[in-house]
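Down below is the structure, laid out as C-alpha cells.
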Amino acid sequence: MVIKEPHADSGMEDFGYKESLDRSIGKFASFAAGVSYISILTGTFQLFYFGFGTGGPAYLWSWPMVFVGQMAVALCFMELAAKYPVAGSVYNWSKKLGSRLVGWSSGWLMLTASIVTISAVVLAYQLNLPRLWSGFQIVGDGTGSSFAVNAVILGTILIVFTTVINALGVRLMAMINSAGVFIELIAAILIVIILAFNVKRGPDIFFSTNGYGAGESAGYLGAFLIASLASLYVMYGFDTASSLGEETVEPRRTAPKAIFRAILASFVIGGGILVFAVMSAPNLEDPKIGESSGGLQYIVEQVMWGPLGRVFLTCIVVAVTVCTLAVHTAAIRLTFAMARDNALPFGEKLARVHPKTQTPIVPAVVIGLIAAIILVINIGQPKIFTVLTSIAIIMIYLAYLMVTGPMLKKRLQGQWPPKDLKEGGYFTMGKWGLPVNIFAVLWGALMALNLAWPRVAVYGEPWYNTWGAFVYIGVILGSGLLWYFIKGRHHIGTLESHAAATTSEADVAEQA
C-alpha cells in the first residue's frame with residue numbers, strides 16, 4: 001500500500017491536508033475557470049441595460065475604475081495563490097491570515113453568495129434562448145408571470161446540467177469549460193471587431209452626462225455611483241483559478257498567472273464590447289436600450305447583419321452555460337474545503353470524495369438543489385429575488401475584505417510575504433505590496449458601502465428591501481454565526497479522513 005503524497009508544488013503542507021482530488025487541470029483550463037466565472041458575455045449583456053439606463057454612455061468610465069480596484073485585490077490574491085493554492089481559496093486564506101472565526105465568516109458569506117449567484121446567472125437563459133427560437137418559451141408568451149415561470153424552468157434545466165457535469169469529475173468539467181471559454185473569447189473579439197466597423201458616433205459621447213442625473217440630489221455623481229453597480233456586478237470571481245489549485249498542475253506558478261490573465265482579458269475584451277456598442281447603436285435615444293428586455297442584446301441584433309446576430313446570441317448562451325458551471329464548481333470546492341474542516345453541518349458527508357471520479361459529489365447535488373429552490377422565489381417575489389442576487393455580490397466583496405484586511409495586518413507586522421515566495425521565485429509584489437494592499441482594502445470597503453447603500457432605485461420598496469443589504473446579510477451571517485457559536489466552534493478541525501499522514505505514519509505505509 002502506498003499513500004498518495006502531496007504534490008511538490010501544492011502548498012497543502014501549510015494546512016495539513018492530504019491530496020484527494022484529481023490533479024489534472026492545465027494552464028488554459030485554470031485561466032478558463034477565472035474567465036468563465038467573470039464571464040464577459042454573461043455579465044456585460046445581462047447588466048448593460050441597468051448601467052446605461054441609469055448613467056447613460058458615461059457610465060462606462062466605471063469599467064476601468066472597477067478594473068483598477070479589482071486588480072489591486074487580484075494582485076493580493078496572486079501572492080496568496082502562489083503560497084496557498086488550495087480549494088476554497090478565500091476561506092482558507094482568511095483562516096490562515098486572520099483567525100478561525102474570520103475564516104469561517106468569509107467562507108460562509110462566500111458560499112451563500114455563490115449559491116445565490118448560480119440562481120441569478122441561470123436567469124440569463126430567459127433573456128437569450130427565446131430570442132433564438134420561440135420554442136424555448138415553454139410557458140405562455142413571455143409576458144407577465146409567464147416570463148418569470150419560464151425563466152425558472154430554463155434555469156433549473158441548466159442547474160441540473162451543471163450538477164451532473166460536476167458530479168462526473170473535474171476533467172469533464174474542465175474540458176467543457178475550456179471549450180466554452182474558447183468559443184466565448186472568439187465570439188467576444190469578433191463582436192468587438194464588427195461593432196467597431198459599424199460606429200456611428202465618436203468617443204465624445206462618453207465625455208458628457210447627456211442629461212443623466214439631472215434629477216438626482218447629488219447630480220450626475222449620484223447617478224454614476226448607481227450605474228457603476230453594473231460594472232461592480234461583473235468583475236469578480238477571478239479567485240476561482242486558485243480555488244481549483246488542488247486540481248491544478250504546478251498550481252503555485254499556474255494559479256497567479258491565471259488570475260492575472262483572467263481579469264485582464266475580461267477588462268480589455270468586455271470594455272471593447274461596451275465602448276463600441278454605444279458608438280455603433282443606431283439610436284441611443286431608443287428607450288429599449290435601457291430596458292431589461294432590450295439592452296446590449298438589442299444593440300447587437302440591430303447592428304449585426306443577417307443571421308450573424310443569432311449566431312452571437314448562441315455564443316452568449318454558451319457563455320452563460322460555462323459561467324454557471326464555473327460558479328457551481330467554485331461553490332463545490334468551497335463547500336468541500338469547509339466540510340473537511342468540519343466547519344459545516346454534515347461535514348463528513350459533504351467532504352466525501354468519490355473514489356472513481358475523485359470529486360465531491362454530495363456538495364454538487366446539495367448546491368444544485370438549493371440554487372433551484374432559491375430560483376423559485378423569482379416567480380412570486382421577483383423584487384426579493386433581485387435584492388438577494390444584489391446582496392450576494394456585496395457578500396463576496398465582504399469575503400474578499402476578510403482576506404485583504406488580515407493580509408494588510410500581516411504586512412504591517414512584517415509577517416508577509418513569506419520568505420519561501422521570494423526564494424522560490426514565486427509571484428510577489430515586492431515593494432509595491434504595501435501600497436497595493438492598502439488600496440485594495442480601501443477599495444473593497446468603499447465599494448461594499450456603495451453596493452449596500454439603501455437606494456430605492458436599486459432595491460425598491462418596502463424598507464426591508466431598500467435596506468436589504470443590511471437586513472438580509474444580517475440574517476444570513478447572523479444565522480450562520482448562531483450555528484458556529486452554539487455548535488460549530490466546538491468540533492471544527494480537520495477531519496481524520498482528510499488529515500495528512502505524519503512522517504512516521506507515511507514511512508510505515510510506504511513499507512506496507
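The values are calculated or read from the model by the stated rules, or taken from the named source; none is laboratory data. As the structure is a computational prediction, the values presented were derived from the model and not from experiment. Neighbour counts are summed over all protein chains in view; Cβ atoms, including those assigned to glycine, are modelled from backbone coordinates with ideal geometry. Side chains are part of the model used for accessible areas, which takes the heavy atoms of the whole protein and leaves out ligands, DNA and RNA. Shrake-Rupley method; radii C 1.70, N 1.55, O 1.52, S 1.80 Å.
General observations
- All conditions in (1) closer than 19 Å to Val181 by Cα; (2) in a helix (DSSP H, G or I); (3) modelled with pLDDT under 95; (4) not aliphatic (A, V, I, L, M) hold for Phe238, with the sole exception of (2).
- Segment 351-393, subset part of a loop (DSSP other than H, G, I, E, B) and in contact with a Gly (Cβ under 7 Å, 6 or more places away or on another chain), residue least open to solvent (accessible area, probe 1.4 Å): Thr359
- Taking residues in segment 185-202 that are touching a residue at least 24 places away in the same chain (Cβ under 8 Å), and partners anywhere that are open to solvent by 30 Å² or more (accessible area, probe 1.4 Å) and among the polar types (S, T, N, Q), not one pair has Cβ atoms closer than 8 Å while being at least 6 places apart or on different chains.
- Some residue of segment 238-248 being in contact (Cβ under 8 Å) with a residue 12 or more places away in the chain and open to solvent by 20 Å² or more (accessible area, probe 1.4 Å): no
- When Asn342 is tested against (1) farther than 24 Å from Gly237 by Cα; (2) of a type in the set (S, T, N, Q); (3) modelled with pLDDT under 95, exactly one condition is not met: (3).
- Take the conditions (1) outside any loop (DSSP other than H, G, I, E, B); (2) open to solvent by 40 Å² or more (accessible area, probe 1.4 Å); Ile396 misses just one of them, which is (2).
- Among residues of segment 109-157, those that are farther than 27 Å from Ile473 by Cα and of a type outside the set (Ser, Thr, Tyr), counted: 22
- Top-ranked residue in segment 96-119 [being of a type outside the set (Gly, Ala, Ser) and farther than 30 Å from Ala372 by Cβ; ranked as surrounded by the most Cβ atoms within 10 Å (Cβ to Cβ)]: Leu97
- Counted residues, segment 412-430 - those being part of a helix (DSSP H, G or I) and either modelled with pLDDT under 95 or open to solvent by less than 30 Å² (accessible area, probe 1.4 Å) (or both): 6
- Against the conditions (1) open to solvent by 30 Å² or more (accessible area, probe 1.4 Å); (2) closer than 25 Å to Ala457 by Cα, Ala179 satisfies every one except (2).
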